[in-house]
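The values are calculated or read from the model by the stated rules, or taken from the named source; none is laboratory data. These numbers were taken from a predicted model, which means no experiment stands behind them. So basically every Cβ, Gly included, is an ideal-geometry build from the backbone, and we count neighbours across all protein chains shown.
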Amino acid sequence: MPSYKAPLRDMRFLMNEVFDYPKHYQKLTHGAAADPETVDMILEGAADFCENVLFPLYQSGDAEGCHFDNGTVTTPKGYKEAYAQLVQGGWQGLSYPEQYGGQNLPPSLNLIKSEMMGTANWSFQMYPGLSIGCMNTIMQYGTASQKDTYMPKLVTGEWSGTMCLTEPQCGTDLGQVKTKAEPRQDGNYNISGTKIFISAGEHDLTENIIHIVLARLPDAPEGTKGISLFIVPKFLSHADGSIAERNQVSCGSIEHKMGIRASATAVLNFDNAIGYLIGEPHKGLHAMFTFMNTARIGTAIQGIAHAELSFQNALPYAKERLSMRALSGKKAPEKVADPIIYHADVRRMLLTQKAIAEGGRAMIYYAAQISDNMQDALERGDNTAFKQYDDQLGFYTPILKGFLTELGHEAANLGMQVFGGHGYIKEWGMEQIVRDARIAMLYEGTTGVQALDLLGRKVILGSRGKVIRDYTSEILRFSSNHARNKYMRGFAWELTKLCAQWNTLTLRVIMAARKDRDMVSSASNDFLMFSGYVMMAYFWAQQAAVASEKIGANQGPESIEFYKAKIKVADFYFERLLPRAQGHAEAMVHTPRSMLALNAEHFSFDY
């Protein structure tokens, strides 16, 4: 049977020693409440909830799945009770204003809580997770009346939320959205259309579900410039917030999926359902990106969550499973064979999982601080600072989502590989992690979409390479400051070379794209993966720098071993994983010729 233990030591290392969260919180307008004692209580409480309530439902929820009966969706056994505990614990409202029943804590704490919940049970995390984007959208673009109507119940978790974008004929290309919004005499709208792949679109956990829906007004221009955004509740509500009659939105079916089977993915039919415009007409896509950025960072967490869970279960198995003798000599002479952890190839797999989980966690936790700063600027009304942090996070988001989900799936597969044939058997739980991880590279924009967003929108069109120059300047300052540290010399020199290469590659791709626009698409995936490997190297170097300082400060024996392990895993990352970046570097600068040489009609298996 699999197990889960929240990695609180590593979380605290990043929060308190690498990124100095206590000092960061002090600078925020509402950060005073996030004092070290409160933060520690939240971490301990979330760990207890995730380990003892959510994780025990992980395998059983997958085995049972969700049930659909004539428009009604029932979640697996134990889910309603677990969700009730989520509501009772106030977990949904950590980062929302007190006036709506929240605790007004920084958004980063919600992301860190979400990591634990997602690692313990990603299917369950999908239900409250979708509500976060719904709440963020209403908070930023909703009217005072809309906030008063929907936020209190969403914040407590009594109601949940969704995002309704995809339709049968379109996924990423939202310019093809056909759902209609017809004006009503009361100033609201009748929404009609079908949405598919709606996570948490129908379920029995909450009394109401608030759908955020993209639709077109009658006078809408073509394409993405003609999309508006609407609030469409499952149940209408009275002025006092109590439930009124059922709205004309129904669940036509739920999907039968490869993984995350305990998360209901619904087909929703809107048949003149009453909707309320949120934001400005025809500018719904801009508002929806509030939702999308939240969702994409949340999906990036899925990458490290599956890497962590797979590693936690592969490690004890590798210590116990006996097979052959180590090539360097017997390690357990009293046993018939040595534990497989003494074989170098098994070490390679375990260290790869550990490097991905802990390196990715550092990337996420740093981005979480940017999210805090964005929210703080918004609350202060500082539009200049908000734009600066929004652009900064916009650079990180496609790398986090694309790179970390790709590596998270790799780590999940490696965990299954450590188990050998047992990894293929359901009872061990490793194959479920692989199945659950696979969706992460698909939803909220595939890896290819993230790559185009990074290279096309953020690097070429958005900044003409400046965003790379600015980021590499930050890395170079770090490298210069640590060039004399005996633990850090190798890391600093390697990062310096990579920064020069990153800028050169960016310039080469930009110049080539001027002559051939297909260059952007053909180079984008390799550009994203190269960027991800370099970024993770930088964050591993930061962890190694702090660890080396702590070793020099003569910490206790237990802490010393933790810090030494950090440096050794950083060494492994630089020696064994970072070289992959060079393959991506070589591939991205080739012209699209070989990709486009075969005509579309010649893509055939039958000549």
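Identification of strands (runs of 3 or more DSSP E) wholly contained in segment 147-236 with 3 or more residues that are over 26 Å from the mean Cα position of the chain (by Cα) yields 180-183, 189-199. Filtering Ala565, Ala553, Ala545 for residues that are under 17 Å from Tyr487 (Cβ atoms) and in contact with a His (Cβ under 7 Å, 6 or more places away or on another chain) leaves a single hit, Ala545. Taking the criterion of being within 20 Å of Leu400 (Cβ to Cβ) and in contact with an Asp or Glu (Cβ under 9 Å, 6 or more places away or on another chain), the residues of segment 506-527 that qualify are Ser524, Asp526.
Looking only at helices (runs of 4 or more DSSP H) that fall completely inside segment 10-107, which ones have 2 or more residues that are under 25 Å from Arg361 (Cα atoms) and touching a Leu at 6+ places or on another chain (Cβ under 7 Å)? Result: 36-49.
For segment 82-102, the count of residues that are over 22 Å from Gly298 (Cα atoms), crowded, with 23+ Cβ neighbours inside 10 Å and not basic (Lys, Arg) is zero.
Hey, does segment 370-380 have a residue that's under 30 Å from Arg435 (Cβ atoms), touching a Ser or Thr at 6+ places or on another chain (Cβ under 9 Å) and assigned to a helix (DSSP H, G or I)? Within segment 370-380 (the criterion being under 30 Å from Arg435 (Cβ atoms), touching a Ser or Thr at 6+ places or on another chain (Cβ under 9 Å) and assigned to a helix (DSSP H, G or I)), the answer is yes, since at least one residue qualifies. Considering (1) surrounded by fewer than 18 Cβ atoms within 10 Å (Cβ to Cβ); (2) farther than 29 Å from Glu427 by Cα; (3) modelled with pLDDT of 95 or more, the lone condition that Leu109 does not fulfil carries the number (1).
If the condition is being in contact (Cβ under 8 Å) with a residue 60 or more places away in the chain and either outside any helix (DSSP H, G or I) or closer than 17 Å to Glu207 by Cβ (or both), then segment 132-142 contributes Cys134, Gly142.
Contact map, segment 408-430: residues that are of a type in the set (D, E, K, R) paired with residues that are modelled with pLDDT of 95 or more and surrounded by fewer than 17 Cβ atoms within 10 Å (Cβ to Cβ), Cβ distance under 8 Å, separation 6+ or inter-chain. Pairs shown: Lys426/Ala63. Phe574 falls short on exactly one of the conditions (1) in contact with a helix residue (DSSP H, G or I) (Cβ under 7 Å, 6 or more places away or on another chain); (2) more than 15 Å from Ala362 (Cβ to Cβ), and that condition is (2). The single condition from (1) surrounded by 13 or more Cβ atoms within 10 Å (Cβ to Cβ); (2) of a type in the set (S, T, N, Q); (3) within 18 Å of Asp526 (Cα to Cα); (4) at pLDDT below 95 that Gln582 fails is (4).
Assessment of segment 335-351 against the conditions (within 25 Å of Ser95 (Cβ to Cβ), of a type in the set (Lys, Arg) and assigned to a helix (DSSP H, G or I)) yields no matching residue.
Listed here are the residues, each with its yes/no results for (1) surrounded by fewer than 24 Cβ atoms within 10 Å (Cβ to Cβ); (2) of a type in the set (Asp, Glu).
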position	(1), (2)
Gly360	no, no
Lys387	yes, no
Asp391	yes, yes
Gly408	no, no
Gly420	yes, no
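Scanning segment 329-343 for residues that are free of Cβ contacts under 8 Å to residues at least 60 places away in the same chain and surrounded by 10 or more Cβ atoms within 10 Å (Cβ to Cβ) returns Lys330, Lys331, Ala332, Lys335, Ala337, Asp338, Pro339, Ile341, Tyr342, His343.
Condition check ((1) farther than 30 Å from Ser253 by Cα; (2) within 24 Å of the chain's Cα centre (by Cα); (3) aromatic (Phe, Trp, Tyr)) across all residues:
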site: Tyr25; (1), (2), (3): yes, yes, yes
site: Ala32; (1), (2), (3): yes, no, no
site: Ala47; (1), (2), (3): yes, yes, no
site: Tyr58; (1), (2), (3): no, yes, yes
site: Gly61; (1), (2), (3): no, yes, no
site: Phe68; (1), (2), (3): no, no, yes
site: Gly101; (1), (2), (3): yes, no, no
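For segment 167-174, indicate whether the set of residues that are closer than 16 Å to Cys251 by Cα and among the hydroxyl-bearing types (Ser, Thr, Tyr) is non-empty. There is no residue in segment 167-174 that is closer than 16 Å to Cys251 by Cα and among the hydroxyl-bearing types (Ser, Thr, Tyr). Consider Ser521 carefully, then state whether it is touching a Phe, Trp or Tyr at 6+ places or on another chain (Cβ under 6 Å), surrounded by fewer than 22 Cβ atoms within 10 Å (Cβ to Cβ) and in contact (Cβ under 8 Å) with a residue 40 or more places away in the chain. No, not satisfied. Of the residues examined, Gly279 is not one that is surrounded by 14 or more Cβ atoms within 10 Å (Cβ to Cβ), touching a His at 6+ places or on another chain (Cβ under 9 Å), at pLDDT 95 or above and over 18 Å from Ser131 (Cβ atoms). For segment 416-451, a residue qualifies if it is within 12 Å of the chain's Cα centre (by Cα) and not in a loop (DSSP other than H, G, I, E, B), and the qualifying residues are Ala437, Ile439, Ala440, Met441.
When you scan segment 262-274, do you find a residue that is on the phi < 0 side of the Ramachandran plot and touching a helix residue (DSSP H, G or I) at 6+ places or on another chain (Cβ under 8 Å), even just one? Checked against the condition, which is being on the phi < 0 side of the Ramachandran plot and touching a helix residue (DSSP H, G or I) at 6+ places or on another chain (Cβ under 8 Å), segment 262-274 yields at least one hit. Against the list (1) over 14 Å from the mean Cα position of the chain (by Cα); (2) among the hydroxyl-bearing types (Ser, Thr, Tyr); (3) at pLDDT 95 or above; (4) within 26 Å of Asp516 (Cβ to Cβ), the condition Ser479 fails is (4).
Is one or more of the residues making up segment 159-180 closer than 30 Å to Lys80 by Cα, at pLDDT 95 or above, polar (S, T, N, Q) and touching a helix residue (DSSP H, G or I) at 6+ places or on another chain (Cβ under 6 Å)? Looking through segment 159-180, at least one residue is closer than 30 Å to Lys80 by Cα, at pLDDT 95 or above, polar (S, T, N, Q) and touching a helix residue (DSSP H, G or I) at 6+ places or on another chain (Cβ under 6 Å).
One residue alone among Arg321, Arg296, Arg325 is under 23 Å from the mean Cα position of the chain (by Cα) and at negative phi, and that residue is Arg296.
Is it true that some residue in segment 24-35 is touching a His at 6+ places or on another chain (Cβ under 8 Å), farther than 29 Å from Glu308 by Cα and surrounded by fewer than 19 Cβ atoms within 10 Å (Cβ to Cβ)? No, that holds for no residue. So, in segment 283-311, how many residues would count as being over 19 Å from Thr405 (Cβ atoms), part of a helix (DSSP H, G or I) and at pLDDT 85 or above? Going through segment 283-311 one residue at a time, the tally reaches 1. For segment 237-274, a tally of residues being under 22 Å from Tyr127 (Cβ atoms), over 27 Å from the mean Cα position of the chain (by Cα) and hydroxyl-bearing (Ser, Thr, Tyr) returns 2.
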